[in-house]
Amino acid sequence: MSIFKQHKVFETNVFFLAVGILLCIIVGGLVEVVPLFSIESTIEKVQGVRPYSPLELAGRNIYIREGCYNCHSQMIRPFKDEVERYGHYSLAAESMYDHPFQWGSKRTGPDLARVGGKFTNEWQVRHLINPRDVVPGSIMPGYPHLKRSLDYGDIEAHLKALSVVGVPYTAEQITNAKKDMAEQVLSEAPDAAIAKRYPKARMGSAMGTDKVTEMDALVAYLQILGTMVDFTKVNPEAIRR
Amino acid sequence: MATIEKDAVSGQNTTGHEWDGIKELNTPLPKWWVYVFWACTVWAIGYWIAMPAWPTPNGFTKGMLNYSSRGSLDEDLKAQKQSRSAWLTKIEKASVEEIEKDKALLQYAMVGGKVIFGENCSACHGAGGSGAMGYPRLADDEWLWGGSVAEIEQTIKFGVRNANANSRQSEMLPFGTGDKLADQQVGQLADYVVSMAGKAPAKGSPGEAIFAERCVACHAEDGSGNKDLGAPALNNQLWLFKGGKDGITAQITKPKHGSMPAWSERLDASTIKMLAVYVHNLGGGK
């Protein structure tokens, strides 16, 4: 009689049954986990992707808190019509510092993966306060409450937490987090320290006030989306998968 | 342990298990199900061999067909470019003026321009360029920065008041060229601009004198504006911002400035040409 006919042994002995279940889970778990050890190679090696500046990071947290991902994806798939509409397809590298990523799958509104630079700050603010003010037929809700000031006392802790899960924030970036946050909104002129720590970060207040508001943070986040990698310098062969 | 035996009623074998005298039937799976199962298994193994499938320590198995979703996209795009090339190479080579003179090219640019406008521009300029507060109407013959197709191309390429080195930059100063004005003077000035917009400028009013001193450098004596400076005409009822005495007062004391991204940073040269031709033909090209 073959061993497959011996299940009575397992069915009548709690110890063997437990060992058998454990073995099954271990094998199943390994099959799912082991491939992740080679994940490094799935992230394309491209120049330009950096951790979010404290302001952008706060904006990202607001994006998540407000549930923007319920209507907007951030993932341009490698299909002809998507690339024609939204721009270069998204790379894994572009969301490697996102915890969690905002790829999403629901598109009530357009994809936002490359919305950075597409509109002006002034448009973004008006659109977020009341989308119908600029896009008459829009069904997006308004977010006028984002005009309130941003509570960012704990921003250092956010950077620190992310550095624990592998986002390469330097000690300098963490200690300067609060300062950089205010600086990015309140100084119009390009700030050398911020430009060095966070290249391409947009300076200036989106609201045109001298306060750091939630709106400033969210708009700074939207304006950096999809702009970190310069695709004119990327070799298509190198990112092919 | 009970033995496997044939059940008299159903004609099936039992599993050989017996619990308190109850025996378990071993009804086999339907044949079709088993065939489908094995067919799927064989398919899966074939798929592993043919297509990218398994992770390896330094990458993944490429599969015999060497398929790549991004590679096939690149090919799709190449094929698309090929199929459009008859038009696109002409547009690439031609200037915007030449495109407008060629009837077939013009039609192609209009259709293409319309789609691209809907995706990139209508959020600000409205569907069909109908405009909104702060975003100029493009479907009329009133232009801030010039309405020739070449000027429109320039505006789209480099945008207005943005970080691009070539963008159009000039902007209105509070109270025009000079120091702060008293509230009363601002009121007189606003009254004068209102009268000017109504095509009946109040000659000899105190507002006219202030306008001549402070505003003509950009908006011109008759209020017709200056396209080199992006100063709108004030002698008509088309307002970029609010207009009316309140709106004008607000603009004098705390000027608003329109800003538009530089589209050459996002769109290629041919696309911008199509857009320029489309906008120029919306209604009021000069």
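Here are the numbers:
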{"read-out": "Amide H contacts of B:ALA132 (H built 1.01 Å from N, under 5 Å, at least 5 apart or other chain)", "value": "B:ARG137"}
{"read-out": "Cα gyration tensor category, rounded, prolate or oblate, for region B:183-253 with a/c compared to 1.5", "value": "rounded"}
{"read-out": "Under 23 Å from B:LYS31, Cα to Cα: lysines that are on another chain or at least 8 residues apart", "value": "A:LYS5, B:LYS6"}
{"read-out": "Residue range of chain B that is longest and free of GluC sites (Glu not before Pro) which are both DSSP loop and sparsely packed (at most 12 other C-beta within 10 Å)", "value": "B:6-220"}
{"read-out": "Most mobile of A:GLY137, A:GLY226, A:GLY117 in a GNM of chain A (Cα contacts under 10 Å)", "value": "A:GLY137"}
{"read-out": "Beta bridge orientation in the protein assembly as shown: antiparallel %, DSSP, nearest 5", "value": "90"}
{"read-out": "Extension reserve of the A:ILE64-A:ASP210 stretch, reckoned as 0.36 nm per residue once the Cα distance is removed", "value": "50.0 nm"}
{"read-out": "Listed residues B:ASN236, B:ASN66, B:ASN58, most fluctuating in chain B (Gaussian network, C-alpha, under 10 Å)", "value": "B:ASN58"}
{"read-out": "Set of lysines near B:LYS62 by C-alpha distance (under 30 Å), chain-local residues within fewer than 8 positions excluded", "value": "A:LYS45, A:LYS80, A:LYS233, B:LYS78, B:LYS81"}
{"read-out": "Convex hull of Cα atoms in region A:54-240, direction-averaged projection (nm²)", "value": "11.2"}
{"read-out": "Sum of -39500 (n - 2.57) over DSSP H runs of 4+, divided by residues of the protein assembly as shown (222 nm, nearest 500)", "value": "-13000 deg cm²/dmol"}
{"read-out": "Of B:LYS227/B:LYS256; A:LYS106/A:LYS211; A:LYS200/B:LYS180, pairs whose Cα-Cα distance is over 28 Å", "value": "A:LYS106/A:LYS211; A:LYS200/B:LYS180"}
{"read-out": "Highest-MSF residue in chain B out of B:ALA209, B:ALA79, B:ALA50 [GNM, Cα springs under 10 Å]", "value": "B:ALA50"}
{"read-out": "Loop-located trypsin sites (Lys or Arg not before Pro) in region A:59-112, at most 15 other Cβ atoms within 10 Å (DSSP)", "value": "A:LYS106, A:ARG107"}
{"read-out": "Dipole of region B:48-114 [Lys/Arg +1, Asp/Glu -1 at C-beta], most positive-end residue of B:PHE60, B:VAL111, B:LEU73", "value": "B:PHE60"}
{"read-out": "Neighbour cut-off at most 16 other Cβ (10 Å), DSSP loop, trypsin sites (Lys or Arg not before Pro), region B:53-114", "value": "B:LYS62"}
{"read-out": "Environment charge of A:ALA193, counting only residues whose C-beta is closer than 12 Å and scoring Lys/Arg +1, Asp/Glu -1", "value": "-1"}
{"read-out": "Partners for B:LYS103 among lysines (Cα-Cα distance below 19 Å; same-chain residues under 8 apart left out)", "value": "B:LYS90, B:LYS93, B:LYS114, B:LYS273, B:LYS286"}
{"read-out": "Residue-count net charge about B:TYR67 - beta-carbon cut-off 12 Å; Lys, Arg +1, Asp, Glu -1", "value": "+3"}
{"read-out": "Rounded to the nearest 20 debye, dipole of the protein assembly as shown from Cβ charges on Lys, Arg, Asp, Glu", "value": "620"}
{"read-out": "11 Å reach of a label modelled at B:GLU265, 7 Å along Cα-to-Cβ, counting backbone N of region B:127-163", "value": "B:158-163"}
{"read-out": "Delta accessible area of at least 50 Å² on complex formation, residues of region A:119-164, 1.4 Å probe, chain isolated as reference", "value": "A:THR120, A:ARG126"}
{"read-out": "A:GLN6 paired with B:TRP32, simple spin-label distance in nm, labels 7 Å along Cα-to-beta-carbon", "value": "3.8"}
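The values are calculated or read from the model by the stated rules, or taken from the named source; none is laboratory data. Just so we're clear, the structure is a prediction, and the values are computed from it rather than from any experiment. Glycine also receives a Cβ, built like all others from the backbone with ideal geometry; neighbour counts cover every protein chain displayed. Only protein heavy atoms, including side chains, enter the accessible area calculation; ligands, DNA and RNA are left aside. Shrake-Rupley method; radii C 1.70, N 1.55, O 1.52, S 1.80 Å.
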